[in-house]
Each structure stands twice: as structure tokens, then as C-alpha cells.
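**Student:** Structure provided below as C-alpha cells; questions to follow.
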Amino acid sequence: MKYLARLPEEPLCYHVKKVSELMEKMGDSSPIHINKQIVKLTGLFHDIGKYTRYFQSYLKEKKSFGGREKHAFLSSLIAYIFLKNNSIIDPEIRLSVFFSIRHHHSNVHNLNKELDDSDPLWYQNARLVKSQIESLKGAKKEIEKNYPKGTMEAISALKDTDKIANELYDVVFSNDNLSLYFTTNLLLGMLVDADIRAVINMDANEKRVEIPENTVDLYLKTLPKSSPIDPLRKEFYELVVNNILKFGFENNFLSLTAPTGIGKTLAGLSAAVKLRNMVQRETGRIPRIIYVLPFTSIIDQNFKVIKDVLQKAGFKDEVILKILLKHHFRASPGESVKETRAEDIWKLLGEDSLFNSQKADDILKLYEKAHTQVETWDGEIIVTTFVRFYETLFTNRRSEMRRLHRLAGSIVILDEVQNIPVKYWEATEKAFKFLSQNWNVKFLLMTATRPALLKNAVELTEPHKKYFFSKLSRTALKIEREPVSYAQIEDWLLPKVRETSSFMVVTNTVRSAQEIFKALENKLKGYKLYFLASSLIPVHREKRVEEIKKKLKKGEKIGLVATQVVEAGVDLDFEVVIRDLAPLDSVVQAAGRCNRNFNHPDGNVYFVKLKEPEGSKILAYYIYDGVLINATENLLTGISSLQEKEYLSLVEKYFHKLRDEGLKPQNLKIIDYLNFLNYEEISKFSLIDNQIPEVPVFVEFNQEASSYIKNLENLETNSAVDYQKKFNIRSAFKELAPKLWGYVVNVPVKVVKELSLPSLPFASSFLLLPRTYPDFEKIYDEETGFLRNLDHNCIFL
């Protein structure tokens with residue numbers, strides 16, 4: 001028999017050796033202390049179950065044999081017995097190999113249930129093993145030729161599957177550390193990554209590119225010196241650089257705490273690049289830089305800055321594509337494919353030749369390679385979100401585990417680190433400490449409002465941290481304690497902004513922001529008014545931010561009404577900022593958008609307390625934890641005004657109360673789930689608590705959006721049967737998905753129910769607001785987005 005791994009005509013022996021070699025290369029490039037032979041054997045054994053006649057008949061003739069054609073469970077058992085027979089005495093390693101192979105085609109769920117030998121799932125799989133083993137004996141020659149000595153003995157010894165289940169169960173429930181979880185996910189991720197790379201003929205790693213340690217220094221020389229705080233920025237940068245050279249190599253936890261607008265992005269990037277070069281000189285290893293940010297809006301902003309840095313340093317565009325990767329839900333891998341254009345895919349689809357032409361196969365392979373490069377962080381500098389980063393750490397999904405091996409040995413910049421929820425600080429510390437001690441990961445925490453997280457991190461602005469805050473007197477925080485209806489803009493808003501050149505109002509709910517915006521349009525003349533909130537589709541938000549920046553730069557009179565989407569990292573600079581009641585760190589972040597570049601003699605930040613027009617409900621309590629709001633109000637008791645230099649000490653007191661005085665309890669359940677491999681609960685982890693059920697809605701706002709719907713309809717009409725067609729459909733959708741998100745807005749379920757919207761073609765988890773929908777403009781307004789006229793049970797966060 002000719003044993004195949006998949007169609008068309010890929011020999012099984014070639015595939016498993018290729019996967020094994022790719023995993024070995026991944027292991028060789030990793031600083032993790034794991035037996036390289038184990039890594040190689042995991043790749044070799046992952047498909048040994050495909051040598052049964054059942055699988056081969058299923059592959060070639062689509063015959064079904066009641067589950068006997070499945071191979072992952074059988075392969076994992078054989079690998080387990082082989083390792084045990086060959087003196088691999090560490091039961092944790094055997095378990096990690098078992099589950100890596102067992103789940104290389106499926107996400108991991110409830111191991112407690114899966115290892116219960118009386119459970120129908122285990123029993124159903126185990127009862128098929130005897131006939132599968134007999135079938136494997138028919139491939140003895142082929143197995144002996146392609147597998148190490150002792151493999152057939154392991155197959156013959158595979159009799160008591162219940163005993164294996166009990167052994168594995170004992171390992172899981174006697175474990176009390178994170179090593180078992182991370183090792184299992186590491187091996188599984190490497191196996192999945194190698195398996196996919198083998199199929200698309202992609203090497204284990206892209207060729208590494210060196211980044212000179214003076215890269216950011218060269219960029220800074222090209223910048224104009226026009227701001228009054230440029231001398232302070234230079235002083236700050238030089239201190240950070242000196243400290244990274246002194247302390248960076250010996251310490252795995254570093255922090256960079258400095259006022260907004262002083263240049264943390266460039267200083268942090270320079271520190272990471274210099275540290276990367278230090279590690280390379282000392283160890284011969286080149287760490288990747290993983291730059292993590294809270295919001296996609298500031299990812300795009302920082303990505304542009306880093307790209308500009310590399311261009312000014314002399315890197316060509318084709319090299320920058322290999323160095324710099326953007327990884328979030330709207331980043332298109334196709335951006336890195338120069339050989340073709342996205343339009344080519346959809347043209348072929350429209351011609352009904354996407355699934356039956358070599359050209360289509362070649363194009364989609366290119367996109368699949370680009371997707372793999374981004375999804376597995378196979379670059380030098382990866383810019384991603386907190387959500388994607390935490391999904392890499394705490395997950396049951398194979399797709400997220402694929403990049404875990406590239407996290408090892410990396411330098412992780414956590415920018416705006418205060419956005420990590422307080423309740424997860426201790427769990428974060430435990431995970432980070434494991435990664436630093438066992439995987440040589442270095443962490444750099446950057447913020448203007450340093451939380452009580454990893455408090456022993458070496459501060460790169462010392463001994464002058466307080467000095468940098470004291471030298472800046474750009475803003476004053478003015479506190480108004482009396483609750484006021486947000487509808488009464490004549491009382492709390494108009495008097496503060498009428499004589500200003502520019503202003504920003506930040507509220508806590510979309511509905512209040514929309515109504516304030518409409519009221520200002522009627523009552524405030526002479527200003528160009530803008531609105532920013534998550535009720536807008538991303539393409540509108542992004543365009544608007546750029547327009548606001550240009551208007552501010554020209555000195556035009558503008559006003560912005562926004563929700564929290566503008567708080568952290570967005571580079572805007574207003575004369576006056578008004579912030580509704582919020583946790584103290586959020587208030588300080590909003591203040592960072594006021595007089596940022598010393599363009600005004602004074603920058604006033606007003607801290608107001610808005611309530612519902614009817615009744616006394618304070619808006620802040622709709623979206624913020626009451627503990628955080630109460631801690632903020634208590635700290636500000638008796639204070640009517642604060643200068644910028646006083647922000648630092650107050651923020652430190654605030655975080656001290658939350659952590660050290662136990663005002664905010666820590667959630668350590670996730671650590672228990674990791675220790676006991678409780679993947680069912682791990683899968684529920686979410687960095688962002690969604691208090692209000694929401695559903696994604698695709699808004700058909702323009703012709704471009706309509707064309708995407710047409711592409712989806714074409715995909716939906718093509719049913720996938722064979723592997724190549726499934727591959728092509730999946731690859732085509734991957735290319736389209738980031739563009740779809742540009743027109744998607746999350747809407748509360750209660751609002752959607754009233755509209756009875758249809759589903760989006762091919763992507764039924766999305767709803768569709770078609771352009772032809774009655775009163776489309778009243779539902780989605782170009783200025784303020786998806787409108788809110790309902791009660792606050794369904795406010796749009």
C-alpha cells in the first residue's frame with residue numbers, strides 16, 4: 001500500500017519527517033530547557049496512526065469505519081508507550097507529548113472528563129484501538145523503516161488503555177506548578193505550527209534580521225526640535241538608554257514610568273533594541289521584541305512610528321516586511337504579500353476558478369504563508385494587543401498556542417500596563433515570573449500611571465523619576481464633586497469651553513456622549529465638532545482620529561466628544577479636557593491629552609460627576625467597578641485642585657490601596673486552572689469583562705462594504721469537499737476577515753433584538769445591517785455611529 005498523509009499524493013513518511021525536522025529547528029532556536037529529542041519524537045509520532053488501512057481508505061475513497069479511521073488518539077497512545085519503554089521517566093513530559101499529539105487537530109477541553117476511563121468519550125476511542133493496532137501491524141515494514149527501534153514493540157504493548165488514563169490522571173492531579181501547562185501548550189503549539197508549515201512548504205523560522213542598537217538614535221536625529229519640552233525629552237531618553245545598558249541584561253523585569261508626552265514609545269523601543277543586541281552578544285541568541293498595547297487604535301499609531309524609525313534607519317520596505325509585524329483582528333497578513341493583490345483572489349472567485357486553477361492555489365499559498373508569519377509572531381518586532389497576548393498565555397485553542405514558542409526568550413514591552421485589570425495582577429505576576437525564570441522572557445512595563453504590579457521591577461527612570469514629573473506643569477486637575485445631569489451642558493460644559501481653542505469631553509457611556517454631541521451642535525457655534533466612540537465602525541474612527549490630528553496641528557477651533565477610546569496612548573493635544581468620574585488612572589490618562597506639547601499657557605482638566613437626566617444614577621457606576629470609583633473619590637476628598645507634578649504620588653497611593661490594602665480582591669482561579677490543566681475553565685478566561693451581552697454587526701455603509709458581502713456570498717455558494725478546496729476557502733476568508741472588521745460594531749443584544757437583522761453570508765456569527773434596511777441612517781449615523789435611544793440596561797460600552 002502507498003501510505004499517504006493527505007491528498008494530493010503526499011507520502012506519509014515524508015510528512016512526519018518534515019514535521020519532526022521543523023519542530024527540531026524550532027527547538028534548536030528556543031532558549032527553553034526541554035529535551036530536543038522529545039520535541040523531535042513528538043513530530044515524528046503525531047501521525048503514526050495514519051498507517052492504518054482505515055485511515056488510508058478514508059483518505060482515498062472517503063470510506064468511514066465507525067471512527068477507526070481517526071488517528072490522533074491512537075498516535076498519542078503509541079508515543080506515550082514508546083517514551084515510557086525508552087526510559088523517559090518524567091511522567092509530566094510523557095503527558096505533554098500525549099496531549100500534544102492527541103489534540104493537534106482539536107482544541108483541548110475537559111481533561112478531567114477526557115481521562116476518565118469510564119467516560120463514553122474515552123471508552124469510545126479506546127474500544128477502537130485493538131482493531132487499529134492489528135491494522136498497523138500490516139504496515140510493519142513501513143513503520144520500521146521510518147521510525148526508531150522499539151516502535152513496533154510499543155504498538156504491540158498497547159493493550160491496557162485504562163492504565164494509561166489512570167497514569168495521566170495521577171500526573172495532572174498531583175501537579176502544583178505552571179510547568180506542566182506551559183510545556184503541554186508549548187509542544188502542542190509547536191506541533192500545530194510545524195504541521196501547517198509542512199503543508200504550505202514553509203521553513204520553521206523566517207531568516208532572522210539584525211537591528212542595529214543605534215536604530216532609534218538615528219531616527220531621533222531626524223526629528224525637528226520645536227516643542228518647549230524637547231530638552232526634557234532628550235534628558236529622559238538618555239537616562240533610559242544609560243540604565244538599560246547598566247541593568248537590562250541582568251534583570252528580567254524592568255519598568256519605565258514617566259509623564260505622558262515625554263517620549264516613552266521611542267525610549268522604550270530603543271531600550272528593547274539595545275537590550276536585544278546585548279542578549280545577542282552575550283548568548284548568541286536574538287530575542288524578538290513583542291510590543292503589547294491595549295487598543296487597536298494605538299497599535300496602528302505606534303506601528304507607523306516604528307515603521308518610520310526603521311525607514312529612517314535605512315531599512316528597505318521589503319526588509320521591514322520581515323522585521324515588523326502587526327497582529328490584531330484587523331491586521332491583514334496580505335499586507336506583507338507583494339507578489340499579488342487581494343483583488344486577484346476575488347476576481348478568480350467571481351470567475352469560478354478559485355478552486356480549480358494552479359494560479360489560485362499559488363496565490364492562496366502566499367496568503368497562507370503571510371498569515372502564518374503573523375499568527376506565529378515570526379518576525380523581529382511584533383506589535384499586538386493585550387487581548388491577543390493574554391490569549392497566547394491562557395488558552396485552550398491550538399491557533400493561539402502556535403506562537404507560544406516564539407514568546408520564549410523574547411523581550412515583551414507592555415505599554416499602558418495600567419490597563420491590565422487589577423483583579424488579574426497577581427495571576428499575571430505568577431505567569432510572568434514563570435516565563436522569566438524558565439523561558440528567559442524579559443518584561444518592560446511602560447506607563448504614566450504605574451500600577452502595583454511587579455513592584456520589584458527595575459525602574460529605568462531612577463534616580464530621577466520624580467524629577468521628570470515635577471518638571472512638567474502643563475495641566476491642573478480641577479475637581480467638581482456635585483453630581484450634575486449630563487443634559488445640562490449650560491451648567492457643566494459650555495462655560496468651560498466657550499473661550500478655548502480646542503477641547504475634549506470624555507464621558508462614560510455612548511448614549512450620553514451622543515446626546516451631548518447633538519446638544520453641542522445646537523448650542524456651540526464656531527467650532528468643528530467631532531465624535532469618537534466604539535459605536536462607530538473602525539474605518540470611521542480611524543479616519544476621524546487622523547482628521548482631528550490635522551485640525552489640531554493647524555490650530556483650528558475644534559471640539560471632541562468621546563468615550564474612553566481616546567484615553568491611553570492616542571496622540572491628541574487639547575487646551576481643555578473635561579472627564580466624567582472614573583478611576584484615578586483613567587483620569588490621569590485623559591489629562592495626558594491636555595496641553596501635551598506645551599502649546600498653551602495653561603491646560604485645564606475638569607473632573608466632573610455626571611448623572612442621568614432623570615433620577616440620581618451616576619454614569620460611572622454603569623461601567624466601572626464601584627471599588628475603583630470609591631477609592632478614587634476617597635483619595636480626592638478635600639482636594640479641589642491638583643497640579644500635574646502631584647499626579648504621580650496620588651496614583652501610587654491609589655494603586656497601593658487597591659493592592660496592598662486589599663480593597664480589590666485578586667482573582668487567582670486562572671492559576672488553579674492552569675496548574676490542573678482545567679482547559680474547560682481556561683477557555684472562559686477573558687481579559688475584558690463584558691457585562692452586557694453583545695453581538696457583532698456588519699454595517700453595509702458604502703460600496704466597499706457591499707463588495708465584501710458579495711465576496712462572502714461567493715464563498716458561501718462553494719461547498720467544500722476535498723482538502724484543497726477547504727484550504728482555499730479558509731485562506732480566502734482569512735484574507736477578507738480583517739477588512740470585514742473595519743465595518744463591524746459590537747451592539748448590545750437587546751438593541752439587536754428590536755431590529756431583527758439577518759446574518760452575514762458565510763459568517764453567520766455576525767449580523768448584517770444592510771444598506772437597504774428601513775431607516776438605515778437613523779440606526780447608524782455617520783457622525784455618532786450606532787445610535788442609542790434605549791435605557792442604560794443596554795448601553796454601548
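**Student:** Once both axes come from the Cα atoms, what is the angle between helix 91-102 and the longest principal axis of the chain, in degrees from 0 to 90, rounded to 10?
**Tutor:** It works out to around 90 degrees.
**Student:** Now a separate question. Listed highest first by mean packing, meaning other Cβ atoms within 10 Å per residue, what order do 767-779, 581-593 come in?
**Tutor:** Working: 767-779: 14.6, 581-593: 25.8.
Listed from highest to lowest mean packing, they are 581-593, 767-779.
**Student:** If the chain between residue 702 and residue 764 were fully stretched, how many nm would it gain, using 0.36 nm times the residue separation less the Cα-Cα distance? Could the numbers behind the result be given before it?
**Tutor:** Details: separation 62, 0.36 × 62 = 22.32 nm, distance 2.07 nm.
Gain on extension, residue 702 to residue 764, equals 20.3 nm.
**Student:** Please tell me which of these pairs span more than 27 angstrom C-alpha to C-alpha: 36/113; 207/550; 225/645?
**Tutor:** Long pairs (Cα-Cα over 27 Å): 36/113; 207/550.
**Student:** May I pose another question? How far apart, in nm, are two points set 7 Å out from the Cα along the Cα-to-Cβ line at residue 6 and at residue 163?
**Tutor:** Output for this residue pair reads 3.6 nm.
**Student:** Another one. Multiply the residue separation of residue 754 and residue 481 by 0.36 nm, subtract the distance between their alpha-carbon atoms, and state the gained length in nm to one decimal.
**Tutor:** Length difference between fully extended and current span is 94.5 nm.
**Student:** Quick one: what are the phi-derived ³J(HN,Hα) couplings along the range 152-159, Karplus 6.51/-1.76/1.60 with θ = phi - 60°, whole Hz, x for glycine and proline?
**Tutor:** The phi angles translate into 5, 5, 5, 5, 5, 7, 7, 10 Hz.
**Student:** Which FRET efficiency, nearest 0.05, do residue 134 and residue 635 yield, Cβ-Cβ r, R0 56 Å?
**Tutor:** About 0.15, to the nearest 0.05.
**Student:** Enumerate the aspartates and glutamates that residue 140 could reach by cross-link, defined here as Cα to Cα under 14 Å, with residues fewer than 8 away along the same chain left out.
**Tutor:** 153
**Student:** Mind listing the long-range amide H neighbours of residue 781? Cut-off is under 5 Å, sequence gap 5 or more, other chains count too, H placed in the peptide plane at 1.01 Å from N.
**Tutor:** 786, 787
**Student:** Among the listed pairs 684/726; 234/316; 17/141; 130/163; 322/543; 234/471, give every one whose C-alpha distance is greater than 22 Å.
**Tutor:** Listed pairs above 22 Å: 684/726; 234/316; 322/543.
**Student:** With r defined as the distance between the Cβ atoms of residue 208 and residue 467 and R0 fixed at 35 Å, what FRET efficiency is calculated, to the nearest 0.05?
**Tutor:** E(calc), rounded to 0.05, equals 0.35.
**Student:** Also, I was wondering about something else. Could you report the accessible area of residue 250 in Å², rounded to 10, computed with a 1.4 Å probe on the protein chains as they sit in the structure?
**Tutor:** Taking all protein chains as shown, residue 250 has close to 140 Å².
**Student:** Moving to a separate point now. Excluding residues fewer than 8 places away in the same chain, name every one of the aspartates and glutamates whose C-alpha is closer than 16 Å to that of residue 465.
**Tutor:** 235, 238, 644, 646, 652
**Student:** Pull up the cross-link candidates among the aspartates and glutamates for residue 669, meaning alpha carbon to alpha carbon under 17 Å and not fewer than 8 places away within one chain.
**Tutor:** Those aspartates and glutamates meeting the cut-off are 176, 391, 426, 429, 680, 681, 689.
**Student:** Follow-up. Using helices alone, I'd like the mean residue ellipticity at 222 nm for the chain: each DSSP H run of four-plus residues gives -39500 (n - 2.57), total over residue count, nearest 500.
**Tutor:** -15000 deg cm²/dmol
**Student:** A further question on this structure: How charged is the neighbourhood of residue 505? Take every other residue with its Cβ under 10 Å from the Cβ of residue 505, and add Lys/Arg as +1 and Asp/Glu as -1.
**Tutor:** +1
**Student:** Within the range 1-37, whose backbone N sits under 14 Å from a point 7 Å along Cα→Cβ of residue 62?
**Tutor:** none
**Student:** Output wanted: per-residue J couplings in Hz (rounded whole) for the range 743-752, from phi through Karplus 6.51 cos²θ - 1.76 cosθ + 1.60, θ = phi - 60°, x for Gly and Pro.
**Tutor:** 3J(HN,Hα) across the range 743-752, in whole Hz: 10, 10, 10, 7, 10, x, 4, 4, 5, 4.
**Student:** Whole Å is fine, so just give me how far the alpha carbon centre of the range 162-187 lies from that of the range 1-74.
**Tutor:** A separation of 23 Å, based on Cα centres.
**Student:** Here is a follow-up. How many nm separate the modelled label positions at residue 311 and residue 225, each set 7 Å beyond the Cα in the direction of the Cβ?
**Tutor:** Result for the modelled spin labels: 2.5 nm.
**Student:** How big is the convex hull of the Cα atoms of the chain, per residue, in Å³? Let's see the in-between values first.
**Tutor:** Working: hull volume 134.8 nm³, N = 797.
In the chain, the Cα hull volume divided by residue count equals 169 Å³.
**Student:** For the chain, what is the relative contact order in percent, using Cα pairs closer than 8 Å and at least 6 residues apart in sequence?
**Tutor:** 14 percent
**Student:** Could you give the size of the charge dipole of the chain about its Cα centre, using +1 on the Cβ of each K and R and -1 on the Cβ of each D and E, expressed in debye and rounded to the nearest 20?
**Tutor:** Computed about the Cα centre, the dipole is about 1320 debye.
**Student:** What do you get for the angle between helix 230-247 and the principal long axis of the chain? Use alpha-carbon atoms, 0 to 90 degrees, nearest ten.
**Tutor:** 30 degrees
**Student:** Moving on. How large is the dipole of the range 438-489 about the Cα centre if only Lys and Arg carry +1 and Asp and Glu carry -1, each at its Cβ, rounded to the nearest 20 debye?
**Tutor:** Values: 9 positive and 4 negative charges, 36 e Å.
Value, rounded to 20: 180 debye.
**Student:** Gap in Å between the Cα centre of the range 122-152 and the Cα centre of the range 531-607?
**Tutor:** 65 Å
**Student:** Using only alpha-carbon positions, what ratio does the radius of gyration of the range 132-270 give when scaled by 2.2 N^0.38 Å?
**Tutor:** Normalised Cα radius of gyration, the range 132-270: 1.92.
**Student:** Another question about this same structure. When you count, for each residue, the other Cβ atoms within 10 Å and take the mean per peptide, how do 437-447, 123-133 rank with the highest first?
**Tutor:** Listed from highest to lowest mean packing, they are 437-447, 123-133.
**Student:** Tell me, what is the FRET efficiency for residue 242 and residue 490 to the nearest 0.05, using R0 = 60 angstrom and their Cβ-Cβ distance as r?
**Tutor:** Using R0 = 60 Å, I get an efficiency of 0.70.
**Student:** Okay, moving on. Each residue of the range 764-772 in order: what ³J(HN,Hα) in whole Hz does its phi give by Karplus 6.51 cos²θ - 1.76 cosθ + 1.60, θ = phi - 60°, with x for Gly and Pro?
**Tutor:** For the range 764-772, the Karplus-derived couplings read 5, 6, 9, 9, 10, 9, x, 4, 7 Hz, x marking Gly and Pro.
**Student:** Can you give me the angle between helix 120-137 and the longest principal axis of the chain, using Cα atoms only, in degrees from 0 to 90, rounded to the nearest 10?
**Tutor:** Roughly 40 degrees between the two axes.
**Student:** Can you pick out the pairs among 264/478; 50/159; 423/657 whose Cα atoms lie more than 22 Å from each other? Please report the intermediate quantities before stating the final value.
**Tutor:** Numbers: 264/478 26 Å; 50/159 19 Å; 423/657 13 Å.
Those over the limit are 264/478.
**Student:** How many nm separate the modelled label positions at residue 778 and residue 201, each set 7 Å beyond the Cα in the direction of the Cβ?
**Tutor:** For residue 778 paired with residue 201, the spin-label model returns 5.8 nm.
**Student:** Considering only DSSP beta bridges with both partners in the chain, what is the antiparallel share in %, to the nearest 5?
**Tutor:** If we restrict to bridges inside the chain, about 25 percent are antiparallel.
The values are calculated or read from the model by the stated rules, or taken from the named source; none is laboratory data. Keep in mind it's a predicted model, so treat the numbers as computed, not measured. Positions of Cβ are generated from backbone atoms using ideal geometry, with glycine treated the same way; all protein chains shown enter the neighbour counts. To get the accessible areas, we keep the full protein, side chains included, count just its heavy atoms, and leave off ligands, DNA and RNA. Shrake-Rupley method; radii C 1.70, N 1.55, O 1.52, S 1.80 Å.
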